[in-house]
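Notes to accompany the following structure.
Derivation of every value follows stated rules applied to the coordinates shown; laboratory data play no part. What you see is a predicted model, and the numbers here were worked out from it, not measured in a lab. With ideal geometry, Cβ positions are generated from the backbone for all residues, glycine too; neighbour counts draw on all protein chains shown.
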Amino acid sequence: MPEGHTLHRLALDLSAAFGGRRVSVSSPQGRFADEAALLDGTVLVDAQSWGKHLFVQLDDGSADGAFVHVHLGLIGTFAVHASVDVVPPPVGQVRLRLARSAPDGSAYADLRGAITCALVTADQRAAVVERSGPDPLRPDAEPDRAWQRIHRSRKPVGALLMDQGVLAGVGNVYRAEVLFRHGVAPMTAGRRLPRVRWNAMWDDLRDLMQIGVERGRIDTVRPEHEPEAMGREPRADDHGGEVYVYRRDGLPCLVCGTEIRRRVVAGRNLFWCPSCQQRG
DNA sequence: CGGTTATGGTCAT
DNA sequence: TGACCCTAACCGC
């Protein structure tokens, strides 16, 4: 379930559960075993995220600290159990386990299926951050950096939104939904997108993704189009919360009734309403 | 049980 | 553009 909001939520949860505490680090599955042994018993400083990259900082005694770089990819999960009586034995393929035990309660977190789980230096971490575009969830983000790339590009805005070097943290759900909410035709070239539109899309992404952090799911439907307001059933599956177009191809648009379309853009299925989304 | 799909990304061609 | 990586859920047989 990993778009940028998932990683920010994870950073908050990991920091709350383990920050400033001594942790046991292990790799039950074995693929991170050597690195885990080096980190076992160190103090977890905190966790932070940039776009879809997560960095867990541990105090290994070195000047710059050590970082576990995690990227969940498409199918990875990092489940944080912040308050348990006893840390249970691992089940299935657990690449990385963080755990701590205390009289007032124990905690553990299991990483599975991640595309990246690596021990990196502060410099390596900085390089990843530098390669990334601005992340709407970070207060210090500069949306103008993304605009400079977008307004010079002939590529469709539907592809640019997925480029993590242009903008970091947006994935396939937020891409489709922000285009819908701003009435933008997905194949519009970046250079044809008015600046006012980009400004509004950025502000909207920041707000939507913040809601995603708080709720742990992606909801993008405005109050007047919510199920209760329209007398329709809530979304049947829980993949993305309440959305306008994501994975709704073949179904009627919630606003105008036109059939939602699907097309592969930038290697992923993009969903849109051809009637509501006609502007640049 | 096998095939398909998935909120992602890299590398080779 | 396609192969591939990682894991889990779901579907049809």
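Before moving on, here are some points about what is shown:
- Test: A:M187 is surrounded by fewer than 20 Cβ atoms within 10 Å (Cβ to Cβ) and in contact with a Gly (Cβ under 9 Å, 6 or more places away or on another chain): yes
- Single residue of the stretch A:1-27 satisfying the filter (within 16 Å of DNA strand C (Cβ to nearest atom) and under 16 Å from A:V80 (Cα atoms)) that is surrounded by the fewest Cβ atoms within 10 Å (Cβ to Cβ): A:M1
- Cβ separations smaller than 7 Å between residues 6+ apart or across chains give the following pairs from the stretch A:91-107 residues that are in contact (Cβ under 8 Å) with a residue 40 or more places away in the chain and closer than 17 Å to A:A36 by Cα to residues that are assigned to a loop (DSSP other than H, G, I, E, B) and within 16 Å of DNA strand B (Cβ to nearest atom): A:R95/A:R31; A:R95/A:A114.
- Evaluated against (1) closer than 29 Å to A:Q210 by Cβ; (2) over 21 Å from the mean Cα position of the chain (by Cα); (3) of a type outside the set (V, I, T), A:D104 falls short on exactly one condition, (1).
- Test: residue in the stretch A:136-155 that is surrounded by fewer than 17 Cβ atoms within 10 Å (Cβ to Cβ) and among the small types (G, A, S): no
- For the stretch A:30-85, the set of residues classified as part of a loop (DSSP other than H, G, I, E, B), buried (at least 18 other Cβ atoms within 10 Å of the Cβ) and free of Cβ contacts under 8 Å to residues at least 24 places away in the same chain is empty.
- Residue in the stretch A:99-121 that is surrounded by the most Cβ atoms within 10 Å (Cβ to Cβ), counting only those that are within 16 Å of DNA strand C (Cβ to nearest atom) and part of a loop (DSSP other than H, G, I, E, B): A:A114
- Set A:R197, A:R149, A:R145: member being under 20 Å from the mean Cα position of the chain (by Cα) and outside any loop (DSSP other than H, G, I, E, B): A:R145
- One residue from A:Q148, A:Q93 being within 14 Å of DNA strand B (Cβ to nearest atom) and over 16 Å from A:D13 (Cα atoms): A:Q93
- Residue pairs whose Cβ atoms lie under 8 Å apart, separated by 6 or more positions or on different chains, with the first residue in the stretch A:1-12 and farther than 19 Å from A:W202 by Cβ and the second in a helix (DSSP H, G or I), are A:T6/A:G212; A:R9/A:G212; A:R9/A:V213; A:L12/A:V213.
- Residue under evaluation A:L205, criteria (1) part of a loop (DSSP other than H, G, I, E, B); (2) closer than 27 Å to A:D144 by Cα; (3) not aromatic (F, W, Y), criterion not met: (1)
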